[in-house]
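Okay, so here's the structure we're looking at.
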Amino acid sequence: MGILDGHIPLAQLRCQDDDLPTDTSIAQKKTEESILENFVPYAPHNVHRQSLESIRLERENHVPYLKRGLENLSRWMMALDASKPWLTYWILHSLELLEEEITPELIQRGISTIGKWQHSGGGFSGGPDQIPHLATTYAAVNSLAILETKEAYDVIDRETLYKFLLSMKQPDGSFTMHTGGEIDIRGSYCALSVAALTNLLTPELIKNCSDFIRRAQTYEGGIGPYPGKEAHNGYTFCGVAAMEILGDMHKLNMNKLIKWCSERQMALEGGFQGRTNKLVDGCYSFWGAGSFPLLYAEMLRQEKAQGFDYMFDREALQEYILLCCQSRYGGLIDKPGKGADYYHTCYCLSGLSTSQHNIIPDFEKVKLIQERGTDALTGGIGSLMWTCANEFTAVGEIDNILASTHPIHNIGMDKTRSIIHYFYQKEIDPIKDLLPKDEEPSLYQKDE
């Protein structure tokens, strides 16, 4: 569909405040003006309209920007001294989505550096001599998965990692982010994603987890940080992905959840907002759109899905990212007028990939594996059930298409499979012949 490929004048998609302006509507209209500056050259009713096929992902700017970040950072990055695993993950994941080679030298540097962040008591810290934290543990494990070598996987001390995860677990099924820290849905997702990848998902660890997440679903339909708080797209993705790991998506009110998630896509901008009545932000290209493959999979399980789409406007999101979120200096941004950073680069590209690819579980293989006595609905084995179809939804040049990213873990599909195969060798051996595979490329390929 898309906004620029439709027949509705852009002016009709603008915010209507009924001549009763508020701070919120004024900020929204100001944002829309900046979006229109980028959209008008491609607008449906522009007599000098430029072709949508000319829209391109400026890889030649983004790759050098990312690689510079692996060599040195500006002094302004001192504020992120406790987020070193995050910076590593954001950059490495962006590079893998852009299908840029991660060299043997970089792999060795990554292994050496990330190993220094592992805490003696388990988990990973934000940097050397800092306390372990669930968020940085998630980022560190994902980074090691992207490096994709035995040496990288062996950095992870699974025995102390499990003790750390369990020590963060609360009786109500929630997780605290660190000792004495805050409790919210991020902790649930980070802990369960790490446990799923490293084969540490035990009955003890998951007890009451789905109940806590279910109680955090709000009257609007989205999921808040914990029960009683406002729904937010970041927490909603974390809650939905955690429920998918647990095999408990059916416990959520799916109708209200899908409605809330769909309403977060902006009418004019095409990108997503984080909460009701907030502005569009490039990072929600993933935190917002990322929930839809998971929601769609659950609708397929319940035999309620119609057609083959993720229930959001994929082309509209791509238009926003490609026309409004690319910095001329490299990297991607929140919205026009903002500067690039590695966080927004990672999640804009993750959202772009999500909107381009069609990734769903192979339910036939799930059934056959279940019949052999292996649980294919939860944890790491459940993550192996996802397959990438050989079809794309792409705005602009064909070279805009990125590598696919796993809907649950947000690392490359191949990297997800590799780390799970490593840590689940005994469980996988009896079912190896049944594991799903991606569709073979057709005659029409990306590089043609």
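The values are calculated or read from the model by the stated rules, or taken from the named source; none is laboratory data. Treat the numbers as computed from the prediction; the structure is a model and nothing was measured. Heads up, the Cβs are rebuilt from the backbone with ideal geometry, glycines too, and the neighbour counts pull from every protein chain shown. Ligands, DNA and RNA are excluded from the accessible area calculation, which covers all protein heavy atoms including side chains. Shrake-Rupley method; radii C 1.70, N 1.55, O 1.52, S 1.80 Å.
Scaled against 2.2 N^0.38 Å for its residue count N, the alpha carbon radius of gyration of the range 34-180 is 1.38. Taking amide H as placed 1.01 Å from N in the peptide plane, Cys388 has its amide H under 5 Å from the amide H of Asp438, Glu439, each at least 5 places away in sequence or on another chain. Note on Lys426: aspartates and glutamates with a C-alpha under 14 Å away, same-chain residues under 8 apart excluded, are Asp375. Our compactness index for the range 93-136, the C-alpha radius of gyration over the empirical 2.2 N^0.38 Å, is 1.38. Only lysines eight or more places from Lys432 in sequence, or on another chain, were considered; those with a Cα closer than 23 Å are Lys150, Lys365, Lys367, Lys415. Rounded if a/c is under 1.5, else prolate if a/b beats b/c, else oblate: with a ≥ b ≥ c from the C-alpha gyration tensor eigenvalues square-rooted, which is the range 1-54? Cα axes put the range 1-54 in the prolate bin.
For the range 137-144, 3J(HN,Hα) computed residue by residue from phi via the Karplus equation (6.51, -1.76, 1.60; θ = phi - 60°) reads 5, 4, 5, 5, 5, 4, 5, 5 Hz, glycine and proline entered as x. For the range 309-374, treating each Cα as an identical point scatterer without solvent, what Debye log10 I(q)/I(0) comes out at q = 0.13, 0.27 1/Å? Taken in order of the listed q values, log10 I(q)/I(0) reads -0.50, -1.10.
Helix 23-39 sits at what angle to the longest principal axis of the chain, using alpha carbons and giving 0 to 90 degrees rounded to 10? That works out to roughly 80 degrees.
From the C-alpha coordinates alone, can you work out the Kirkwood hydrodynamic radius of the chain, in Å? Mean inverse Cα-Cα distance, inverted, gives 22.4 Å.
Lysine pair count for the range 231-349 with Cα-Cα distance under 26 Å and sequence separation of 8 or more or different chains is 9.
For the chain, adding -39500 (n - 2.57) for each run of n ≥ 4 DSSP H residues and dividing by the number of residues yields -13500 deg cm²/dmol at 222 nm. Take 372-379, 241-248 and order them by the average number of nearby Cβ atoms within 10 Å per residue, most first; the result is 241-248, 372-379. With the full set of protein chains in place, find how many percent of the accessible area of the chain is carbon and sulfur; take the probe as 1.4 Å. The value for the chain is 51 percent carbon and sulfur by accessible area. Helix 233-246 and the long axis of the chain differ in direction by around 40°, with both axes built from C-alpha atoms. List the aspartates and glutamates whose alpha-carbon lies under 14 Å from that of Lys437, not counting same-chain residues fewer than 8 positions away? Straight-distance partners of Lys437: Asp362, Glu364, Asp414. Shown here for the range 191-257: chymotrypsin sites (Phe, Trp or Tyr not before Pro) in loop regions (DSSP other than H, G, I, E, B) with at most 14 other Cβ atoms within 10 Å, namely Tyr219. Averaged per residue, the range 289-425 has 33 square angstrom of accessible surface, using a 1.4 angstrom probe with ligands and nucleic acids left out.
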